[in-house]
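Inspection log for the structure reproduced underneath, given as structure tokens.
Please treat every number below as a calculation from the coordinates, not as lab data. Only a predicted model underlies this, so the values are computations on that prediction, with no experimental measurement involved. For neighbour counting, all protein chains shown are included, and Cβ atoms are generated from backbone atoms with ideal geometry for every residue, glycine included.
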Amino acid sequence: MAYFVTGATGFIGSHFIKKLFDRKGKIYVLVRSGSKKKLNALLEKIDAPKNRVVAVTGDLSKKNLGVSKKFRDEMSGKINHFFHLAAIYDMKASIAEQEVANVEGTRQAIGLAETLKSKCFHHVSSIAAAGLYNGVFREDMFDEATGLEHPYFKTKHESEGVVRRECKVPFQIYRPGMVLGHSETGEIDKIDGPYYFFKLIQKMRRMMPRWMPTLGLEGGRLNMVPVDYVVNAMDHIAHVKGLHGKCFHLTDPKPRKIGEVLNIFSRAAHAPEMTMRIDARIFNFIPKAVKSGLMMLSPVKRIKNQVMKDLGIPDGVLNFVNYPTRFDSRDTLKALKGSGIELPDLRDYAWRLWDFWERNLDPELFIDKSLKGRVEGKLVVVTGASSGIGQATAIMLARAKAHVILVARGEEKLLETAKVIKKEGGKSSHYTADLSSMESCDALIENVLKDLGPIDILVNNAGRSIRRSIALSYDRFHDFERTMQLNYFGCLRLIMGFLPGMTDRRYGQVINISSIGVLTNAPRFSAYVSSKAALDAFSRCAAAEFNDSKIAFTTINMPLVRTPMIAPTKMYDNVPTISPEEAADMVKDAIIRRPQRIATRLGIFAQVTHALAPKSMEVIMNTAFNMFPDSAASQGKKSTGRTTSPEQVAFASLMRGVHW
């Protein structure tokens, strides 16, 4: 028994030749001269038996696959099974590439199989050969295929047609469904099919708790099968006598709809599931001319492209959301009867696929996520750098080889930060400034630009917080004025001063340290929250204006941090807070990912709840308002030394990070 296999280094091929090790005989595999190292690495990986696999140099685009005459003469009449798996299984590939590999490659494979006088030619086609046929496509159907405009569908149909029309040796055709990873190991070769939506699932998991109900899209049925089922079924059917001339659908007899598939993977990823799904077919009622016209609008095109880019979904994939074809597989099931080969349930192995993707193929794994990669050699201004979040952030950035520009009011403490940085081999410059004074802000900007030039990143961290109820603030309007002066106008002045330099170089980032209070509407912090909310609103407007200038505006809705700013409120000694170093990590994330907003799950949940049920959120916050009284200092009284009650601690722990 001897086998000849094309596409042995591909995903299906690599698993298939491993399956052939269970059978006797040599396995001859076609390999391009430049891919021999890849083949050797594969054979070592799958622990191939010595002398069982023989590499045959060739090329799909050449006559007889470019195989030497010597090999053809020596092996004539000795090949029992010729398996043609080589093809481009990529919906993003060009029509020219697919014509050469899928159609011409198949023609040359047939020519070689005939020259070698092979006993049977096994062609691995695809359900794509049916195009977008509306209905059930049987195994004995071929010419009935419709909707073959897409290059992948077109070339897979044409290549199968070449076999049916031109092959002079007995042949069998296999049409696998969408081939997933291995059901037992989870191994995946590339991001394709449902994996395109894994990044969306991952983002949903990061933003919301698992139990959060979400709205999703429902579409057609995805016919998916794991690679091990395809290989096992193909191997078995190929060795059953009396099946020449037939076509076999290696498919799922009961395929699931897109929404159900995404929920299965969401469950595997511990992400929120789509509890309500809108059928995508409702969009079919919109005339094509109207849809085409909308997609021609520049804002719509840019939004679509940005969203698709962020999610890693190629253009055109969404065109197949309403996939209309179902596949009959009765001949396949009949041939497999008694073999013990059964299609595994996706629910049983989806977690393995997700785990393999997240550990090995997540695009984020291949991005330089190090802070050093983002800030090395760059000028970064950090305000409020003498203590707390600012100090921790400045030291972190200096360790990542940034040139940190330290800003604060007091020079003594600022020098302490600079001393730490210098001791660790970092680089910094320091400037004193009162950011509540516009004149001081202007002087700071002028001095930095004169001494160091345009900056790359501005971290607006310096701020003032006041915890006092509105009822106790009637005669303290100056609290609102001075809070706004520093938290909003001071930050705004720096942004306006450093932004022109970023614009000229078409690169930069402004990071504003805001508060979770903006999302939760924390009582007793009306002065503080409103000043931060103003800065948040400015950032959103600015982000829209500078979107195409490669300048990012990031707002960090920081939870309660244990800094000198909260020290006067003794109640905070007994409630959950994060450390300045943990807060600095959020700044690190902002610099690496450059998102528009970073917030905790609780902050996002509070914002969503406020949008959907504002009165309910109002009741919750009023309960907290009555539970946590004004401090003695804010009432103009001496501290009573009263400890925090168990009820207050429990509530603060439940609403971790919120200012009370």
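Pairs spanning more than 21 Å between alpha-carbon atoms, out of Lys50/Lys241; Lys38/Lys78; Lys45/Lys69; Lys378/Lys422; Lys372/Lys588: Lys50/Lys241; Lys38/Lys78; Lys45/Lys69.
Taking 7 Å steps out from each Cα toward its Cβ at Arg52 and Glu74 produces label points 2.1 nm apart.
Computed from Cα atoms alone, the Kirkwood hydrodynamic radius reported for segment 122-182 is 12.1 Å. The modelled label-to-label distance between Glu114 and Asp362, using points 7 Å beyond Cα along the C-beta direction, is 5.2 nm.
Take the Cα of Glu44, step 7 Å along the line toward its Cβ, and report every residue of segment 1-23 whose backbone nitrogen sits under 11 Å from that point. Under 11 Å, as judged by backbone N against the label point of Glu44, lies no residue of segment 1-23. The three principal axes of the C-alpha atoms in the chain carry coordinate ranges of 101, 52, 50 Å, sorted with the longest axis first. Please find the FRET efficiency linking Ile470 to Val420, where r is the Cβ-Cβ separation and R0 is fixed at 41 Å, and quote it to the nearest 0.05. For Ile470 and Val420, the calculated efficiency is 0.50. Estimated from helical segments only, the mean residue ellipticity of the chain at 222 nm is -12500 deg cm²/dmol, where each DSSP H run of four or more residues counts as -39500 (n - 2.57).
In straight-distance terms, cross-link reach from Lys254 covers every one of the lysines whose alpha-carbon lies under 23 Å from its own, apart from those fewer than eight places away in the same chain; here that gives Lys246, Lys334, Lys337.
Label separation (Cys541 vs Ser616): 3.3 nm, computed from points 7 Å beyond Cα along the C-beta direction. At an R0 of 25 angstrom, the distance between the Cβ atoms of Glu149 and Arg107 translates into a FRET efficiency of 0.65. Summing charges over neighbours of Leu222, with a neighbour being any other residue whose Cβ is under 10 Å away from its Cβ, gives +1 when K and R count +1 and D and E count -1. Electrostatic bookkeeping for His15 treats Lys and Arg as +1 and Asp and Glu as -1; over the other residues with beta carbon under 9 Å from its beta carbon, the sum is 0. Shown is the FRET efficiency for Ser530 and Asn322, computed with R0 = 60 Å from the Cβ-Cβ distance and rounded to the nearest 0.05: 0.80. Length gained on full extension, Glu411 to Leu333: 20.1 nm, using 0.36 nm per residue less the C-alpha separation. Once you sort the root eigenvalues of the Cα gyration tensor of segment 13-95 as a ≥ b ≥ c, which label holds: rounded (a/c under 1.5), prolate (a/b larger than b/c) or oblate (the other case)? Note, shape of segment 13-95 comes out oblate.
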